[in-house]
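No lab work stands behind these numbers, since they all come straight from the coordinates. Quantities reported herein were computed from a predicted structural model and do not represent experimental measurements. Every residue, glycine as well, gets a Cβ built from its backbone with ideal geometry; the counts of neighbours run over all protein chains shown.
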Amino acid sequence: MDKAVKTSVGETLNFVGGEYRKSSSGKTFDNINPIDGSVASIVHEADATDVDAAVTAANEALNGEWGQMPLAKRLELVAAVADEINRRFDEFLEAEVADTGKPVSLASHIDIPRGAANFQIFADTMKNHHGEFYNSPTPDGTGAINYTSERPKGVIAVVCPWNLPLLLMTWKVGPALACGNTVVVKPSEETPQTASLLGEVMNIVGIPKGVYNVVNGFGPNSTGEFLVKHPNVDAITFTGETVTGEAIMQNAAVGMRDVSFELGGKNSSIVFADCDMNKAIEGTVRSVFANCGQVCLNTEKVFVERLIYDDFVARLKTEVEKMKPGLPGDDGTDMGPLVSQEHRKKVLSYYEAAVKEGATVVTGGGIPDMPDDLKDGSWIEPTIWTGLADDASPIIDEIFGPCCHIRPFDTEVEAIKLANDSKYGLACSIWTENLSRAHRVGPQMDVGLCWINCWFLRDLRTPFGGAKQSGIGREGGEYSLEFYLETSNVCVKL
Ligand code: NAD
């Protein structure tokens with residue numbers, strides 16, 4: 001087993017060919033802690049030379065020990081990554097919280113355990129994976145047999161967002177490695193630390209050098225663009241904004257590289273009068289405000305049947321006004337800050353637009369009053385609006401903040417139409433105790449994920465992804481394997 005290579009304190013280095021490296025250009029940038037505006041780490045920005053070194057290391061690993069490794073050994077190592085993340089749980093937790101500012105209660109229940117589980121689940125999925133076989137008739141009567149043969153796709157570029165950094169990155173790296181690929185990861189410039197830390201884990205468990213590489217930097221004209229343009233990258237998996245997906249797709253077209261995209265959303269909840277109100281309120285609080293509204297699956301439009309509309313608005317307001325922003329580790333902290341000042345500017349621009357476009361602000365709408373030592377953090381108030389027109393900008397655009405608009409409806413058909421009226425199609429939640437209605441409405445939703453009487457309840461074997469402009473392809477269980485494996489048909493004439 002290789003000894004882990006430590007990063008210098010406060011520095012986030014690139015990880016290439018199993019070694020931590022500064023950028024060849026010497027360029028660095030500050031990774032800011034959104035709690036108080038302090039510097040969480042100094043990040044080494046990978047230029048085109050560094051990206052090329054990472055892609056070369058990934059190619060060499062593919063053609064070296066990793067490419068020759070028996071499946072059982074490979075999956076043993078992938079599963080060992082999960083165990084090692086769990087063993088170093090607190091280090092990952094500390095890094096994730098410093099980068100994102102999210103409450104410890106959230107990161108310790110979702111981000112880090114799921115980050116580890118993503119290696120175990122895909123080691124198990126791949127262990128049970130099998131191909132297809134057909135006995136085929138032929139005109140001369142002798143017959144043929146057909147079977148599928150699968151091999152890794154090659155070097156995978158993994159381009160990640162900042163909202164669930166470790167979880168979303170490992171959701172791609174886990175299956176990519178289980179399938180025998182090698183990866184070059186480009187974490188978000190906002191949240192680079194856990195991807196870098198994972199390099200130590202890879203070395204400790206004995207994943208061969210060059211299988212897992214990390215290059216840090218920005219998107220356009222920087223590390224991200226250099227990576228997706230690199231001709232020796234065989235496929236690109238990306239989670240982030242739809243416009244970024246469009247830019248990446250143009251580069252992927254050169255050389256006809258495959259893409260898997262998880263993109264933006266503008267998700268709805270439909271609350272029927274026959275719902276269990278307590279469950280619907282509790283679920284809506286989570287679906288709108290979890291992670292300060294920075295989950296791609298968060299609800300931003302709530303449609304409530306008119307009979308219960310006033311009661312629902314009043315009860316949601318009461319619950320939201322109990323939410324406490326605060327330090328990640330403090331008991332009773334319900335909400336962290338937004339990820340950055342820049343993102344807060346964007347979210348606040350929608351808070352202003354909502355008022356200009358005629359919203360009634362039920363609660364929130366601004367910046368909370370925080371203690372002096374937290375004043376430089378990117379804090380924001382959870383916000384509820386009513387009264388906006390269906391074509392107002394906060395109704396159409398993805399805001400990605402802790403806010404929602406509540407609108408009444410009268411019929412089931414109207415609710416379905418309103419919820420489906422979006423260029424996005426990621427997720428929705430339906431709240432009803434009527435079994436027939438649940439099964440009737442669920443399949444009519446033009447989304448990749450429809451939850452009934454719940455939100456973000458995940459079985460990692462099920463398909464995850466978005467319809468319309470929310471994505472291309474599906475991840476999860478066997479669906480991920482479809483992307484990370486190249487399938488051939490072998491036909492033998494008997
Ligand atoms: P983003 O698109 O701004 O950035 C994502 C990553 O792409 C970053 O690492 C960035 O540096 C890189 N990048 C930017 N431009 C690039 C380019 N031209 N070439 C290559 N790389 C480039 O997204 P974000 O702000 O980090 O994340 C928020 C967005 O992600 C929201 O739209 C959210 O809905 C979406 N998201 C979707 C899902 C999903 O599963 N559908 C999950 C999480 C987040």
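Some values worked out for this structure:
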read-out: Additional length obtainable on full extension of the chain from Leu494 to Thr462, 0.36 nm per residue less Cα span; value: 7.7 nm
read-out: Antiparallel DSSP beta bridges within region 267-459, as percent of all bridges there, nearest 5; value: 10
read-out: Sorted peptide list for 291-303, 308-320, criterion being average Cβ within 10 angstrom, highest first; value: 291-303, 308-320
read-out: Calculated FRET value between Asn63 and His109, using beta carbons and R₀ = 51 Å, to 0.05; value: 0.80
read-out: Relative contact order for the chain, counting Cα pairs under 8 Å that sit 6 or more residues apart, in percent; value: 19
read-out: Taking region 114-191 and dividing mean pair separation by its residue count, relative contact order in percent (alpha carbons under 8 Å, at least six apart); value: 36
read-out: Rg followed by Dmax, in Å, when the chain is reduced to its Cα trace; value: 23.5, 85
read-out: Label-to-label distance, nm, for residues given as Tyr147 and Asp391 (7 Å Cα→Cβ offset); value: 6.0
read-out: Calculated diffusion of region 267-459, Stokes-Einstein form, Kirkwood radius summed over Cα pairs, 10 °C and 1.306 mPa s, µm²/s; value: 94
read-out: Whole-Hz couplings from phi, Karplus 6.51/-1.76/1.60, listed for region 441-449; x for Gly and Pro; value: 7, x, x, 7, 7, 8, 9, x, 9
read-out: Antiparallel DSSP beta bridges within the chain, as percent of all bridges there, nearest 5; value: 40
read-out: Packing-based order for 150-156, 461-467, 251-257, using average beta carbon neighbours within 10 Å, highest first; value: 150-156, 461-467, 251-257
read-out: Theoretical FRET efficiency, 1/(1+(r/R0)^6), r = Cβ-Cβ of Lys27 and Asn278, R0 41 Å, to 0.05; value: 0.15
read-out: Set of region 14-44 residues, backbone N closer than 16 Å to the point 7 Å along the Cα-Cβ line of Asp330; value: 34-37
read-out: Separation between Cα centres of region 373-444 and region 23-88, rounded to whole Å; value: 37
read-out: Computed over region 267-459: relative contact order in percent, which uses C-alpha pairs under 8 Å that are six or more apart; value: 30
read-out: Distance violations [Cα-Cα > 22 Å] among Lys345/Lys423; Lys324/Lys375; Lys186/Lys209; Lys102/Lys345; Lys229/Lys345; Lys127/Lys153; value: Lys345/Lys423; Lys229/Lys345
read-out: Sequence ranges 372-382, 417-427, ranked by mean other-Cβ count within 10 angstrom, highest first; value: 417-427, 372-382
read-out: His109, His44 arranged by Cβ crowding within 10 Å, fewest neighbours leading; value: His109, His44
read-out: Value of Rg/Rh across region 87-156 [Cα atoms, Kirkwood radius]; value: 1.37
read-out: Which of Val16, Val104 has the fewest Cβ neighbours within 10 Å, and the rest in rising order; value: Val104, Val16
read-out: Rounded FRET efficiency, nearest 0.05, which uses the C-beta distance separating Asp421 from Glu352 and R0 of 30 Å; value: 0.80
